[in-house]
Amino acid sequence: MKFKNTLLLLTALFCFTNMNAQKIKLKKGFVLVDGEKKFEYEKGDGGTELSLFTLGKETEILFMLKNKNETVGYLDDDFKQITFINEKQKLETATYRSYPHKWFIKKLIKEKVLELDGKINSKKLNIFFSKYDENITNRTIRN
């Protein structure tokens, strides 16, 4: 009897968590959320840049860049930059530098920083910055 109850509980939890998961794809210039077009994107510079737009490319929401930190061929100092255009804020992380752009878009949607209508939730953005921003440019000495 205990085994049945445990199995039923685990199945219910598994089903519940999968119901809330959103499937996000980047396909042919569009970001699809659960199969529906929500945003447009353009890649540049060999895939190291990505601009995310509202549908119709009316407004650029954010710009992502894999910054090579002026050291081509040396990868240990590379970092990822995400510029939130209207908020005039720039997040920089070396920890997640090798993660694809899609991972960041998923993370922004999942953590409700990026709303599906293209707006940025400033309260959630501040939380996102406190979790992921490493402030690399301001703490790097340049000659």
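Picking from Gly35, Ile136, Phe84, whose Cα lies most toward the positive end of the charge dipole for the range 25-139 (charges on Cβ: Lys, Arg +1; Asp, Glu -1)?
Gly35
How big is the dipole moment of the range 25-139 about its Cα centre under a simple scheme where the beta carbon of each Lys and Arg is +1, that of each Asp and Glu is -1, and everything else is neutral? Debye, nearest 20, please.
420
Order these by the 10 Å Cβ neighbour count, fewest first: Val31, Val72.
The fewest-first ordering by Cβ neighbours comes to Val72, Val31.
Would you report the distance distribution of C-alpha pairs in the range 25-139 as whole percents per 10 angstrom bin, up to the bin with the largest distance?
13, 48, 31, 7, 0
All of the numbers you see were taken from the coordinates with simple rules; none came from a lab. Keep in mind that this is a model prediction, so the values were computed, not measured. FYI the Cβ positions are ideal-geometry reconstructions off the backbone, even for glycines, and counts take in every protein chain you see.
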